[in-house]
Amino acid sequence: MRYSRSIGKLREQDYEYIICLLEQHLNCIQSNASSTNEEINEIKLMIQKIQHHLSVPVRKDFSVYKYW
């Protein structure tokens with residue numbers, strides 16, 4: 001994963017790499033007999049949140065400063 005402090009944010013490729021790692025971890029957890037459904041669901045939810053983050057365009061009309 002390449003993160004540049006000058007850019008200040010993760011790129012789409014970085015998020016895809018994180019999703020790939022989480023899916024690999026999910027496979028390991030699912031094959032482990034001692035893992036709980038809660039652990040599995042947390043990983044699945046995290047994957048879905050990142051995928052949703054990638055599919056939703058950035059809002060240009062939202063400004064944090066007008067609420068402060």
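Bear in mind these aren't lab numbers, they're just calculated from the coordinates by the rules spelled out. Please read these numbers as outputs of a predicted model, since none were measured by experiment. Because the Cβ atoms are built from the backbone with ideal geometry, glycine has one as well, and the counts that use them run over all protein chains shown.
Points worth noting:
- Using 0.36 nm per residue and subtracting the Cα-Cα separation, the extra length available between L22 and E38 on full extension is 4.2 nm.
- For K44, K49, order by how many other beta-carbon atoms lie within 10 Å, fewest first: K49, K44
- Spacing of the modelled spin labels on E12 and I29, each 7 Å from Cα toward Cβ, amounts to 2.7 nm.
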